[in-house]
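The values are calculated or read from the model by the stated rules, or taken from the named source; none is laboratory data. This structure is a prediction, so every number in the text was calculated from the model and none was measured. Every residue, glycine among them, receives a Cβ derived from its backbone with ideal geometry; neighbour counts consider all protein chains shown.
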Amino acid sequence: MRRRGLFSRTALVLGLVFLYVPILSMIVYSFNNSRLVTVWDAAHSPTLKWYGVLFSDGEVIDAAWLSLRVAICAATVSTILGTLAGTALARFGAFRGRSLLVGMTTAPIVMPEVISGLSLLLLFVALEQAIGWPRGMGAITITLAHISFCMAYVTVVIQSRLAGFDESLEEAAQDLGARPAKVFWRITLPLILPAVLAGWLLAFTLSWDDLVISQFVAGPGSSTLPMVIFSKVRLGVSPDVNALATLMVSVVASGVVVATLWMRHRQRRRERDVQLAAAANL
């Protein structure tokens, strides 16, 4: 048993080192005084000048704002649609079109992004020729494309959460006269809210990080942040890219920490309410 515990801890440490040492090295090199990304300038002290260069780059700032708007819109809409789809798959049992819905929600997960991006490009071109919308490629087409694949991940998260849900709570509410819609809003949704938040964060991260699909459906003047970073890397990595990546890691890490603390707070409050209810029944 001790050997198994030692092996597990060693594997965990090695896994964390493999994942996070490259990120930490990138953060350290974002303060490098040299123009060479991989060579540390030991003759000069660390500097913040690359962050100043980054914030003075209008192309990067515009791309960051576009990515932020697209990610927020895509995550919000895909969370709403994914929650509805996951609820239908988990609660409505066998119904006409279930197999089609399952296939449609899982296809974006297993399908190569190149195929998804090309198919969405052809779809948007056909819609523009048929009904005149959307007019050209831009932020709208990027947002719609991101919704199409982010929704699939949210659906899987919500369906998995509802698979182990205690349905007796909903049945008790219905026995007391609550309508199904009210049961969902007052009972089901608050209990699965951590899963909904996790789905939103996952969708936001996937949308923010997407490169392949965005390149297919983006038009002139609508480059997202990953597209700008990729273009910079192709021309040679500059130290301001390390600064940009450091800021992105900081934002994502802050969001994960806040969400984790909030979900832990809700879990503790739920456990406290259950204990108070059990004590009141004694």
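Matching residues to (1) among the charged types (D, E, K, R); (2) touching a residue at least 40 places away in the same chain (Cβ under 8 Å):
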position: Ala152; (1), (2): no, yes
position: Val157; (1), (2): no, yes
position: Ala163; (1), (2): no, yes
position: Asp166; (1), (2): yes, no
position: Glu170; (1), (2): yes, no
position: Ala173; (1), (2): no, no
position: Ala181; (1), (2): no, no
position: Ile187; (1), (2): no, no
position: Pro194; (1), (2): no, yes
ask   = Which of the residues belonging to the stretch 70-112 are hydrophobic (A, V, I, L, M, F, W, C), in contact (Cβ under 8 Å) with a residue 40 or more places away in the chain and within 20 Å of Asp209 (Cα to Cα)?
value = Val70, Ala71, Ile72, Cys73, Ala74, Ala75, Val77, Ala107, Ile109
ask   = Of the residues that sit in the stretch 13-50 and are part of a loop (DSSP other than H, G, I, E, B), over 19 Å from Val237 (Cβ atoms) and of a type in the set (Gly, Ala, Ser), which one is farthest from the chain's Cα centre (by Cα)?
value = Ala43
request  = Give Ser45, Ser30, Ser56 a once-over and let me know the one that is surrounded by 13 or more Cβ atoms within 10 Å (Cβ to Cβ) and either in contact (Cβ under 8 Å) with a residue 12 or more places away in the chain or out of contact with any Cys (no Cβ under 7 Å at 6 or more places or on another chain) (or both).
outcome  = Ser30
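Which of the residues belonging to the stretch 214-239 are in a loop (DSSP other than H, G, I, E, B) and of a type in the set (A, V, I, L, M, F, W, C)?
Hits for the stretch 214-239 are Ala218, Leu235, Val237.
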query = Of the numbered conditions (1) surrounded by fewer than 19 Cβ atoms within 10 Å (Cβ to Cβ); (2) in contact with a Gly (Cβ under 6 Å, 6 or more places away or on another chain); (3) under 30 Å from Val256 (Cβ atoms), Met151 satisfies every one except a single condition; which is it?
reply = (1)
Hey, Gly97 surrounded by 14 or more Cβ atoms within 10 Å (Cβ to Cβ) and not aromatic (Phe, Trp, Tyr) or not = no
Flag for Met137 being part of a loop (DSSP other than H, G, I, E, B), under 26 Å from the mean Cα position of the chain (by Cα) and either among the β-branched types (Val, Ile, Thr) or at pLDDT 85 or above (or both) = yes
inquiry  = Scan the stretch 104-123 and tell me whether some residue there is polar (S, T, N, Q) and exposed (fewer than 13 other Cβ atoms within 10 Å of the Cβ).
reply    = no
